[in-house]
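Enquirer: Submitted below is the structure of interest, expressed as structure tokens.
The values are calculated or read from the model by the stated rules, or taken from the named source; none is laboratory data. Every value quoted in this text rests on a predicted model; they were computed, and no experiment measured them. Virtual Cβ from ideal backbone geometry, glycine too; neighbours counted across all protein chains shown.
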């Protein structure tokens, strides 16, 4: 039996649900023949089942998808929608991740498997965006060094 969510967890679940629906509904209007309708169903299902852990993954994935879009005008439109609805936009949401990347890069080495997975995820998110080439190269250097260290 699933454990009952606290009031704070229910508020978080509701925020994630509303945030994710805002983004996916926008994407459905832009790309009606895509898989976004199935994603919307998964979001609704996760919310109905009160699957906070799964919804946290959805939140992370939705933010990554929306912020790493190749079309700047789409990001601007999504940012305006969520800022109007929630009072803040992706700049605040992604600030923590950006600070974490900078902290690890400044350190010059990956300390553990969690940092490795975090940087690998970041590299996957930015690999095809020319604006992040310098960051990607620095991340790849650390990932390679960590892989070599783990082999020995």
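Enquirer: Among the numbered conditions (1) at pLDDT 90 or above; (2) within 28 Å of residue 26 (Cα to Cα), tell me where residue 103 comes up short.
Expert: Here residue 103 meets the rest and fails (2).
Enquirer: Sticking with this structure for a sec: What's the number of the only condition in (1) modelled with pLDDT under 90; (2) loosely packed, with under 14 Cβ neighbours inside 10 Å; (3) part of a loop (DSSP other than H, G, I, E, B) that residue 92 fails to meet?
Expert: (3)
Enquirer: If you go through the range 120-134 one residue at a time, how many are surrounded by 11 or more Cβ atoms within 10 Å (Cβ to Cβ) and either modelled with pLDDT of 90 or more or outside any helix (DSSP H, G or I) (or both)? Before the answer, list the steps.
Expert: Residues of the range 120-134 that are surrounded by 11 or more Cβ atoms within 10 Å (Cβ to Cβ), as a first pass: 120-127, 129, 132-133.
Among the residues that remain, those that are also either modelled with pLDDT of 90 or more or outside any helix (DSSP H, G or I) (or both) are: 127, 129.
Selection size over the range 120-134: 2.
Enquirer: Quick one: which residue in 127, 146 is in contact with a helix residue (DSSP H, G or I) (Cβ under 8 Å, 6 or more places away or on another chain), over 28 Å from residue 21 (Cα atoms) and not assigned by TED's automatic domain parsing to the domain that holds residue 21? Write out each step before concluding.
Expert: On the way: 127 fails: over 28 Å from residue 21 (Cα atoms).
Result: 146 is the single residue among 127, 146 that is in contact with a helix residue (DSSP H, G or I) (Cβ under 8 Å, 6 or more places away or on another chain), over 28 Å from residue 21 (Cα atoms) and not assigned by TED's automatic domain parsing to the domain that holds residue 21.
Enquirer: With the condition kept exactly as written, say whether any residue in the range 72-89 is under 22 Å from residue 137 (Cβ atoms) and under 18 Å from the mean Cα position of the chain (by Cα).
Expert: No, because not a single residue in the range 72-89 is under 22 Å from residue 137 (Cβ atoms) and under 18 Å from the mean Cα position of the chain (by Cα).
Enquirer: Being loosely packed, with under 12 Cβ neighbours inside 10 Å, over 18 Å from the mean Cα position of the chain (by Cα) and part of a helix (DSSP H, G or I), is that true of even one residue in the range 19-39?
Expert: yes
Enquirer: Something else now. Is there a residue being within 30 Å of residue 12 (Cβ to Cβ) and either in contact (Cβ under 8 Å) with a residue 40 or more places away in the chain or surrounded by 16 or more Cβ atoms within 10 Å (Cβ to Cβ) (or both) anywhere in the range 144-152?
Expert: No, every residue in the range 144-152 fails to be within 30 Å of residue 12 (Cβ to Cβ) and either in contact (Cβ under 8 Å) with a residue 40 or more places away in the chain or surrounded by 16 or more Cβ atoms within 10 Å (Cβ to Cβ) (or both).
Enquirer: Here's something else I'd like to know. Quick one: would you say residue 11 is under 26 Å from residue 97 (Cα atoms) and outside any helix (DSSP H, G or I)? Show your work before the answer.
Expert: Details: under 26 Å from residue 97 (Cα atoms): yes; outside any helix (DSSP H, G or I): no.
No; evaluated as a whole, the condition is false for this residue.
Enquirer: If you don't mind, another one. Do we have residue 104 as in a helix (DSSP H, G or I) and closer than 22 Å to residue 23 by Cβ here?
Expert: No, not satisfied.
Enquirer: What pairs come up if the first residue lies in the range 109-127 and is within 14 Å of residue 60 (Cβ to Cβ), the second is at pLDDT 85 or above and assigned to a helix (DSSP H, G or I), and their beta carbons are under 6 Å apart, counting only those six or more places apart or on different chains?
Expert: Hits for this filter: 122/101.
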